[in-house]
Amino acid sequence: MSNSLDPAVAQRLKRTPDGLVCAVAQQRGTGEVLMVAWMDDEALHRTLTTRRATYYSRSRQQLWVKGETSGHTQYVHEVRLDCDGDTLLLTVDQQGAACHTGDRTCFDATVLLADA
């Protein structure tokens, strides 16, 4: 197994100045948006090869595998790159909470606008 991202994929990515691409995790089957995180080339490569969601922590400046310490894992079924190459969509099976706060999703806490 190669230990780097496929050059054809890497070429299509539009990264932030610090080398990251936005990644949106969505629950398989329901379409529920679980969380938004960041990936560098290595995180994407590991996600594609292991099917374990791997992200880049901007605060810790290191890779992290979702659920490695909490047990709240994400098994990755599909990864799509958007038309602009600046966002990844991961379709996952989430085990446990997706949010570090313990909520099911990172979007459970604050609603800014909703139909009555």
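Bear in mind that the values in this text are calculations on the coordinates, not laboratory data. Remember, predicted model here, so these are calculated numbers, not experimental data. Because the Cβ atoms are built from the backbone with ideal geometry, glycine has one as well, and the counts that use them run over all protein chains shown.
Among Met39, Ala23, Leu63, flag the residue with its Cα farthest along the positive direction of the charge dipole of the stretch 7-94, charges on Cβ as +1 for Lys/Arg and -1 for Asp/Glu.
So the residue furthest toward the plus end is Leu63.
If you restrict to DSSP beta bridges whose two residues both lie in the chain, what percentage is antiparallel, to the nearest 5?
75 percent
If you put +1 on each Lys and Arg Cβ and -1 on each Asp and Glu Cβ, how big is the dipole of the chain around its Cα centre, in Debye rounded to 20?
The calculated dipole for the chain is roughly 260 debye.
Is the stretch 15-114 rounded, prolate or oblate when judged by the Cα gyration tensor, a ≥ b ≥ c being the square roots of its eigenvalues, rounded requiring a/c under 1.5 and prolate requiring a/b larger than b/c?
Rounded, since a/c falls under 1.5.
Once amide H atoms are placed 1.01 Å from N in the peptide plane, what residues at a sequence separation of 5 or more from Ala23, or on another chain, have their amide H within under 5 Å of its amide H?
Placed amide hydrogens put Ala37, Trp38, Met39, Leu88 under 5 Å from Ala23.
I need the calculated FRET efficiency for the pair Asp18 and Arg80, taking r as the beta carbon distance and R₀ as 25 Å, to the nearest 0.05.
0.65
Please give the calculated 222 nm ellipticity per residue for the chain, where each DSSP H segment of at least 4 residues contributes -39500 (n - 2.57) and the sum is spread over every residue; nearest 500 deg cm²/dmol?
After summing the helix terms and dividing by the residues of the chain, the value is -3500 deg cm²/dmol.
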